[in-house]
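Following: one structure in structure tokens, then a few remarks.
The values are calculated or read from the model by the stated rules, or taken from the named source; none is laboratory data. Since the model is a prediction, treat every value here as computed from it, not as a measurement. Don't worry about glycine lacking a Cβ; one is built from the backbone with ideal geometry, like all the others, and counts go over all protein chains shown.
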Amino acid sequence: PVCTRRGGLVLVQEIFGVTDHIRDLCDEYAQDGYEVLAPALFDREHPGFEADYTGEGFARAVQLARELHPFDQSLSDVQTCIDALTGKGPVFVVGYCYGGSVAWFAATRLTGVTAASGYYGSLIPGAVDEEPKVPVILHFGRYDNGIPMEGVDKVVARDWPNATVHIYEAGHGFNSDRRKDYHEPSADLARERTLELFEANGG
């Protein structure tokens, strides 16, 4: 952090890797007072992996994430980051796209998490049988072609006491200013809600 430390934060990448967008987010949260770790989850299979937002880049990323990289390894790596930040105040998790799903499972399965914020995680609608153990907020775009609203409705219907679902008038990836679906008002509001969640839980 570049000011008074507010807590630790594990920031989980999109499926495209630890890209410039992810590094920018790390800098922004550091400016807000968070000690940020952003694990390069795919480095075992492809060191330094970064894909662009083209169709070809997406295909490369999907192949790596679904065929070569075990999802449970991502959870293990995030747990390692949480453990490294433990003992110095609250530890939060925020994730985007692939990382949004990881953030959800961090809230339902991992230990040492204070609260989590997950952006447009496509695995979440299929995991509504898992109840979050800590406060979590989820962000979905109404026009996300990869996460149909009927899936989001399943998440909303569970009505967990410590989970809040926000729906934005945007598509997938609305938080990234490098994507065609970038929607600044939604990105600003989701970030504001994320910071409010952290602050409400000691951050």
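Here Ala107, Ala51 are screened, and the one residue that is under 24 Å from Arg179 (Cα atoms) and surrounded by 14 or more Cβ atoms within 10 Å (Cβ to Cβ) is Ala51. Name the single residue, out of those in segment 109-146 being of a type in the set (S, T, N, Q) and closer than 24 Å to Phe16 by Cβ, that is farthest from the chain's Cα centre (by Cα). Result: Asn145. Annotation note: of Ile167, Ile147, the sole residue that is outside any strand (DSSP E or B) and at pLDDT 95 or above is Ile147.
If you check Gly126, Gly89, Gly112 for being more than 13 Å from His172 (Cβ to Cβ), touching a residue at least 60 places away in the same chain (Cβ under 8 Å) and either touching a Pro at 6+ places or on another chain (Cβ under 7 Å) or not β-branched (Val, Ile, Thr) (or both), only one passes: Gly89.
Of the listed requirements (1) modelled with pLDDT of 95 or more; (2) under 22 Å from Tyr120 (Cβ atoms), Asp83 misses just one: (2). A count restricted to segment 1-37 and to residues that are more than 21 Å from Gly57 (Cβ to Cβ), of a type in the set (Lys, Arg) and surrounded by fewer than 20 Cβ atoms within 10 Å (Cβ to Cβ) stands at 1.
Here the condition is being buried (at least 19 other Cβ atoms within 10 Å of the Cβ), of a type in the set (Ser, Thr, Tyr) and part of a strand (DSSP E or B); of Ser186, Ser117, Ser176, it holds for Ser117 alone.
Every condition in (1) touching a residue at least 60 places away in the same chain (Cβ under 8 Å); (2) within 20 Å of Ser74 (Cβ to Cβ); (3) more than 12 Å from the chain's Cα centre (by Cα) is met by Leu197 except one, and the failing one is (2).
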